[in-house]
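Student: Below you will find the structure I want to go over with you.
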Amino acid sequence: MILGIDTSNSPLAIALVKDDTVLIEETQNLKINHSLTAMPAIEQLMKKAKIAPGDLTQIVVAEGPGSYTGVRIGLTIAKTLAWSLKIPLVSVSSLKVLAGNGQGFDGLVCPVMDARRGTVFTGLYEGQHLKTIISDQHSDFKAFLEQVRMQERPVLFTGVDLEIHRSLIEETLGELAHFAPFPNRLPRASKLIALAAGENVKEVHHTVPEYRRITEAEANLTKTEKGKNQ
């Protein structure tokens, strides 16, 4: 009995899977604060499925990148449940979960999360088996798309922030660019759980967020230290 949790960006995705069967799944894209809604949503999901916490045998969580706050909320819930219930915890790249929407595509899959100021969280995956082609990163999207263009292969883009960057994608890749239909742009917790089968179980206290960029506080501290050394 596996619980999957993804709060790494604006959508909230949770699911319960037993023996490779999806018992119940919920995906919200209401841009509501996950700190207020995530745990109650999980409790309601388990209540609907008539599953008690003691029935859970594993927790799977999206590790980031994405929203700093969102990633921390999901990790905190997952680690607390796994530690208190003494069950395994597995974490999966949030971008790989999004890329899962295009699994089976005859080409490459590029998940996109907007990170503002022309930057994104992104990566590039092989469509058939989701093998990493370009590692997850925080990047200037225009520069990243130039790397993608050099692959000279069809690319399926997915993610709830896709429309923000559609014109740049089309301008850079032309006919090589394909866009996932809107139902396939949301993270799916059932896909998160499926992808966890290929990941290693992690020690709860050693499971950390994968932000892929430094926090604003760290950036400001670096600037301050550089100023002192000049």
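Student: Arranged from highest to lowest average of other beta-carbon atoms within 10 Å per residue, in what order do the peptides 135-148, 71-84 appear?
Tutor: Working: 135-148: 16.7, 71-84: 19.9.
Ranking the peptides 135-148, 71-84 by packing returns 71-84, 135-148.
Student: Order these peptides, 44-55, 191-202, by their mean beta-carbon neighbour count within 10 angstrom, highest first. Intermediate results must be reported in sequence, preceding the final value.
Tutor: Numbers: 44-55: 13.4, 191-202: 18.2.
Result, highest mean Cβ count within 10 Å first: 191-202, 44-55.
Student: Hey, what angle do you get for helix 34-48 against the long axis of the chain, alpha-carbon based, 0 to 90 degrees rounded to 10?
Tutor: Value to nearest ten degrees: 50.
Student: If you fit an axis through the alpha-carbon atoms of helix 162-173 and take the longest principal axis of the Cα set of the chain, what angle between them do you get, 0 to 90°, nearest 10?
Tutor: 40 degrees
Student: Need one number: the % of Cα-Cα pairs in the stretch 1-111 sitting beyond the 21 Å mark.
Tutor: Values: 2051 of 6105 pairs.
Tail of P(r) above 21 Å: 34 percent of Cα pairs.
Student: Let me ask something additional. How much of the accessible area of the stretch 79-144, in percent, comes from carbon and sulfur atoms when a 1.4 Å probe is used? Intermediate values should be presented prior to the final figure.
Tutor: Working: 1340 of 2720 Å².
Here it works out to 49 percent.
Student: With a 10 Å cut-off between alpha carbons and a GNM built on the chain, which of 97, 155, 204 moves the most?
Tutor: 204
Student: Name the aspartates and glutamates eligible as straight-distance cross-link partners of residue 142: C-alpha to C-alpha under 13 Å, and not fewer than 8 places from it in the same chain.
Tutor: 114, 170, 171
Student: Could you state the per residue volume, in Å³, of the convex hull enclosing the Cα atoms of the stretch 86-132? Working shown, then result.
Tutor: Details: hull volume 4.2 nm³, N = 47.
So the per-residue Cα hull volume is 90 Å³.
Student: What pairs from 48/202; 79/131; 18/191; 79/191; 86/131; 47/79 go past 23 Å between their alpha carbons? Walk me through the numbers before you get to the answer.
Tutor: Numbers: 48/202 29 Å; 79/131 27 Å; 18/191 13 Å; 79/191 20 Å; 86/131 31 Å; 47/79 21 Å.
Checking Cα-Cα distances, 48/202; 79/131; 86/131 exceed 23 Å.
Student: For the stretch 1-153, what is the relative contact order in percent, using Cα pairs closer than 8 Å and at least 6 residues apart in sequence? List each step's numbers first, then the result.
Tutor: On the way: 284 pairs, mean separation 26.5, N = 153.
Result for the stretch 1-153 is 17 percent.
Student: For the chain, what does the helix formula give at 222 nm: sum of -39500 (n - 2.57) over DSSP H segments with n ≥ 4, over the residue count, nearest 500 deg cm²/dmol?
Tutor: -11000 deg cm²/dmol, from helical runs alone.
Student: Now for a separate question. Measuring with a 1.4 Å probe in the full set of protein chains, what accessible area per residue, in whole Å², belongs to the chain?
Tutor: Accessible area per residue: 51 Å².
Student: Residue 47 to residue 166: extension gain in nm, 0.36 nm per residue of separation minus the Cα-Cα distance? The partial results should precede the final answer.
Tutor: On the way: separation 119, 0.36 × 119 = 42.84 nm, distance 4.00 nm.
Fully extending the segment from residue 47 to residue 166 adds 38.8 nm.
Student: When ranked by the protection proxy of mean other Cβ atoms within 10 Å per residue, highest first, what sequence do the peptides 118-129, 165-176 form?
Tutor: On the way: 118-129: 20.7, 165-176: 14.3.
Taking the mean over residues of other Cβ atoms within 10 Å, the ranking is 118-129, 165-176.
Student: Could you state the angle between the C-alpha long axis of helix 216-229 and the longest principal axis of the C-alpha atoms of the chain, as a value from 0 to 90 degrees rounded to the nearest 10?
Tutor: Once rounded, the angle reads 50 degrees.
Student: Still on this structure, I have one more. Run through all the Cα pairs of the stretch 54-119 and give the fraction in each 5 Å bin from 0, expressed as whole percent.
Tutor: P(r) over the stretch 54-119, rounded to whole percents: 3, 16, 20, 19, 16, 13, 8, 4, 1, 0.
Student: Suppose every Lys and Arg Cβ carries +1 and every Asp and Glu Cβ carries -1, with no other charges. What dipole size does the chain come out with about its Cα centre, to the nearest 20 debye? Each step should come with its number before you reach the end.
Tutor: Numbers: 25 positive and 26 negative charges, 119 e Å.
That gives a dipole near 560 debye.
Student: Still on this structure, I have one more. Rounded to the nearest 10 Å², what accessible area does residue 2 show when all protein chains are kept and the probe is 1.4 Å?
Tutor: Answer for residue 2: close to 40 Å² accessible.
Student: Suppose the Debye formula is applied to equal point scatterers at every Cα of the stretch 80-178; what is log10 I(q)/I(0) at q = 0.18 Å⁻¹?
Tutor: Each listed q maps to, in turn, -0.75.
Student: Tell me which of 132, 192, 148 sits at the most positive position along the dipole axis of the chain, charges placed on C-beta atoms (Lys, Arg +1; Asp, Glu -1).
Tutor: Most positive-ward Cα: 192.
Student: Per the Kirkwood formula on distinct C-alpha pairs, the Rh of the chain is how many angstrom? Kindly include the intermediate steps, with their values, before the conclusion.
Tutor: On the way: mean 1/r = 0.0548 Å⁻¹.
Roughly 18.2 Å, rounded to one decimal.
The values are calculated or read from the model by the stated rules, or taken from the named source; none is laboratory data. Treat the numbers as computed from the prediction; the structure is a model and nothing was measured. Because the Cβ atoms are built from the backbone with ideal geometry, glycine has one as well, and the counts that use them run over all protein chains shown. What goes into the accessible areas is simple: the full protein's heavy atoms, side chains included, and nothing from ligands, DNA or RNA. Shrake-Rupley method; radii C 1.70, N 1.55, O 1.52, S 1.80 Å.
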